[in-house]
Structures are given as structure tokens and as C-alpha cells.
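The values are calculated or read from the model by the stated rules, or taken from the named source; none is laboratory data. All values derive from a computational prediction rather than experimental measurement. Here the Cβ positions follow ideal geometry from the backbone for every residue, glycine too, while neighbour counts run over all protein chains shown.
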Amino acid sequence: KIPLLIDTDPGVDDALALLMAFNDPRHRVVGLTIAAGNVGLKHTVGNALKLCEVAGMDIPIFAGCAGPLLHPAPDAGYVHGENGFGDVAFEPARRSVEAEHAAQAILRLSHEHAGRLLLVALGPLTNIALALKLDPTLPQRVARFVVMGGAVTAHGNITPAAEFNVYFDPEAAHIVFEAFPQVELADWEATIAHGLLHDRVVEWLAADSDRARFYADISKKTREWSADRRGDHWFAADALGMAFALEPEGVVEEAHRPLAVDLGHGPARGMTVVDWRREGGHPDRFRILLRYDQARFEGLIQAALAAR
Ligand code: BDR
Ligand code: CA
């Protein structure tokens, strides 16, 4: 099986992506490294532990950085609930986090699975940036690097121009994006093109499994928030990123372009500037997901929720 390491800030859509990964027959999740982002680190770590407990997955979990590298940023508790899991009150998981720091775990696991590792980032890129500062040779040992982040024509979600994961820690995104020879990107705009009909999601959540029951609870608040503001579809960004990572065969349309992150402090902070003209002379290091097979995407989600 392909070893899969996921850096994540759960987060409701992160949780769905994790269930998809747990259910994948071709990959084995070798660790979860936890970022701050959607909510504070205490909650994102607690949520990862709880999700693994509910799903019966014994995967090592490593706590990472408690905030962005340079500039504090607001979280997304208003979308995901103040605890990141829809403000559902649950007993904390019985298991606790590993002693090793996420950045060190990323490096160690990259050695243990050198040349085979699939690294997937579903949150702000702080932990991976720190790992790169500790050891810039990390990319040489990663087979594929898939990121949910950015807004490739600057139609952002957290600001007009920027997507949340990049905006939360643009300096980290810059460090990470400069370091990897190829970055496979599922951005916010691809997410918008792959909305999930609320009615269909509700059907999937009715599956007779602990995973579906737990997920129905923790996602309720954000699905209602989304239905109020964004209409018939729910947008599960990290789930699309995970589909892209697990089954790249589902890609229908993609583009290869250079990309840079705006690190200024004006309205474009955190914007992912893609050179669509291709005239800047920079290599096309970003494989940008434009369209994914919707039926395959939905099938992965449905199966992940129904799994026991
Ligand atoms: C991204 O931001 C977070 O709120 C989600 O979990 C996802 O990773 C979407 O912009
Ligand atoms: Ca996330």
C-alpha cells in the first residue's frame, strides 16, 4: 500500500477527507500531523484523536505549530463551530497525542517511506514549512505532494482574493511552494465547481455506521451555515483535495502553471498568483486541478461515510 501522511486542521471538511483516506484500499495512513487553522491547536488535535477513535483507526497523531510563522491570523470557528466540530459536545478521546512534534514526525516518516510517500496538506502549511527549515531535503523523499489551498483566479473565500489555508499563513505557503518541484493543487475554485447537493449529503449521512452518525452530528452546523449563505450545494474543499490525492485517475481537466503567493499586507495578502500567460519564464511546477469526475468524487464520499 502507498504510505499516506496527512497534515490537517480538523475542521469539518478535513474530517470527511480523513474518513475517505481511512477507507481507501490502496493507501495506508501512516500519521496525522496537526496544524492550527480552522480553530486552535488544542481543538484540532482533540478532534483528530476523537475522529480516529470513532472510526476505530489506530493512527499516530502529532501536534504541530500553534499558529502561523509570522503574523497572527483569525481562525474559521464561525464556519466549523468554535470547537471545529460543529460545537458538538463529546467526551475527549481516551488516547492522547504522540510526544514528537509534527515537523519532526514529517521528516522521520519521509525517511521511513522515502520515495513512496504521498503527502497531503489540508490546512495551513505551517508544519511543513517548519519541517523544510529543519531539513530542506524533504521534497526529495516525497513521491507526491497534494495541497488543498489557494484560489487560482483570485476568487477567494476568506478575503476577495485569498483562500483560507494560504491566507492563514502565507509565509509558510511561500516557503513550501518554493521548495517542492511539483505541487498538486486542489483550490477553492475547483471546490466551488464540485459542490455537493445538500439533499444527497443527507442521504449519505443516513448510512448505518458510526462514522456516518458522528459525521452527521459534527457537520450539521456548517451545512446549515452553508445552506443559508451559499444555496443548494455544500462545498467540502478538503474532500475534493483528498479525492485528487487518492484517485488522480478521476482528474478530467488540469493545468500546469507557475504560481506565487502574495506576502504583502494589502488586499491581496495570501493570494495565489498563477501565471496563466506563462510568460514569466518560471517553470510550470503547479499541477492545478480544474475538473474532477463528480460521480467518482461523490462515490468516494458515500463509501467513506458508510464504512464501518
Ligand atoms: C479550507 O479552509 C478550511 O476552512 C477548510 O478546512 C479547507 O481546508 C478551504 O478554504
Ligand atoms: Ca482544512
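Looking at this structure, is V176 more than 18 Å from A17 (Cα to Cα), assigned to a helix (DSSP H, G or I) and within 14 Å of ligand 2 (Cβ to nearest atom)? Against the criterion (more than 18 Å from A17 (Cα to Cα), assigned to a helix (DSSP H, G or I) and within 14 Å of ligand 2 (Cβ to nearest atom)), V176 does not qualify.
Within region 28-37, identify whether any single residue is away from ligand 1 (no atom under 13 Å from the Cβ) and surrounded by fewer than 19 Cβ atoms within 10 Å (Cβ to Cβ), and answer yes or no. Yes - at least one qualifying residue is present in region 28-37.
Any residue at all in region 48-61 that's closer than 23 Å to V176 by Cβ, within 16 Å of ligand 2 (Cβ to nearest atom) and not in a helix (DSSP H, G or I)? Taking every residue of region 48-61 in turn, at least one turns out to be closer than 23 Å to V176 by Cβ, within 16 Å of ligand 2 (Cβ to nearest atom) and not in a helix (DSSP H, G or I).
Looking at region 126-145, is at least one residue within 25 Å of A255 (Cβ to Cβ), within 13 Å of ligand 1 (Cβ to nearest atom) and either touching a residue at least 40 places away in the same chain (Cβ under 8 Å) or not in a strand (DSSP E or B) (or both)? No, region 126-145 contains no residue that is within 25 Å of A255 (Cβ to Cβ), within 13 Å of ligand 1 (Cβ to nearest atom) and either touching a residue at least 40 places away in the same chain (Cβ under 8 Å) or not in a strand (DSSP E or B) (or both). Any residue in region 151-166 that's more than 11 Å from A268 (Cα to Cα) and near ligand 1 (Cβ under 8 Å from one of its atoms): show its pairings with residues that are at pLDDT below 95 and hydrophobic (A, V, I, L, M, F, W, C) at Cβ separation under 7 Å, as long as the two are six or more apart or on different chains. Correct list of pairs: F164/A76. Just give me the residues in region 92-143 being of a type in the set (G, A, S) and crowded, with 16+ Cβ neighbours inside 10 Å, in sequence order. The answer is A93, A102, A103, A105, S110, A121, G123, A129, A131. Within this structure, A151 passes the test of being among the hydrophobic types (A, V, I, L, M, F, W, C), part of a loop (DSSP other than H, G, I, E, B), at pLDDT 95 or above and within 17 Å of V261 (Cα to Cα). Where strands (runs of 3 or more DSSP E) fall entirely within region 205-285, those with at least 1 residues that are of a type in the set (G, A, S) are at 251-257, 259-261.
Screening H43 with (1) within 12 Å of ligand 1 (Cβ to nearest atom); (2) out of contact with any helix residue (DSSP H, G or I) (no Cβ under 7 Å at 6 or more places or on another chain); (3) in contact (Cβ under 8 Å) with a residue 12 or more places away in the chain gives one miss only, at (1). Among the residues of region 5-23, those identified as in contact with an Asp or Glu (Cβ under 8 Å, 6 or more places away or on another chain) and either in a helix (DSSP H, G or I) or away from ligand 2 (no atom under 13 Å from the Cβ) (or both) are D13, D14, L16, A17. Taking every residue in region 8-27 that is within 17 Å of L119 (Cβ to Cβ) and pairing it with any residue that is within 8 Å of ligand 2 (Cβ to nearest atom) and in a helix (DSSP H, G or I), at least 6 positions away or on another chain, the pairs with Cβ-Cβ distances below 6 Å are T8/D14; D14/D238; A17/D238. Against the conditions (1) away from ligand 2 (no atom under 16 Å from the Cβ); (2) modelled with pLDDT of 95 or more; (3) surrounded by fewer than 19 Cβ atoms within 10 Å (Cβ to Cβ), G40 satisfies every one except (1).
In this structure, D87 does not satisfy being among the charged types (D, E, K, R), under 16 Å from the mean Cα position of the chain (by Cα) and over 21 Å from V29 (Cα atoms). Residues in region 188-215 that are buried (at least 19 other Cβ atoms within 10 Å of the Cβ) and in contact with a strand residue (DSSP E or B) (Cβ under 7 Å, 6 or more places away or on another chain): A190, H194, L196, V201. Given the structure, is I175 within 12 Å of ligand 1 (Cβ to nearest atom), surrounded by fewer than 23 Cβ atoms within 10 Å (Cβ to Cβ) and touching a residue at least 40 places away in the same chain (Cβ under 8 Å)? No. Among the residues of region 1-20 satisfying the criterion of being more than 9 Å from ligand 1 (Cβ to nearest atom) and within 23 Å of A131 (Cα to Cα), which is surrounded by the fewest Cβ atoms within 10 Å (Cβ to Cβ)? Checking each candidate, the answer is I2. Does region 50-72 include one or more residues that are surrounded by fewer than 24 Cβ atoms within 10 Å (Cβ to Cβ), modelled with pLDDT under 95 and either within 14 Å of ligand 1 (Cβ to nearest atom) or not charged (D, E, K, R) (or both)? Yes; the residues of region 50-72 include at least one that is surrounded by fewer than 24 Cβ atoms within 10 Å (Cβ to Cβ), modelled with pLDDT under 95 and either within 14 Å of ligand 1 (Cβ to nearest atom) or not charged (D, E, K, R) (or both).
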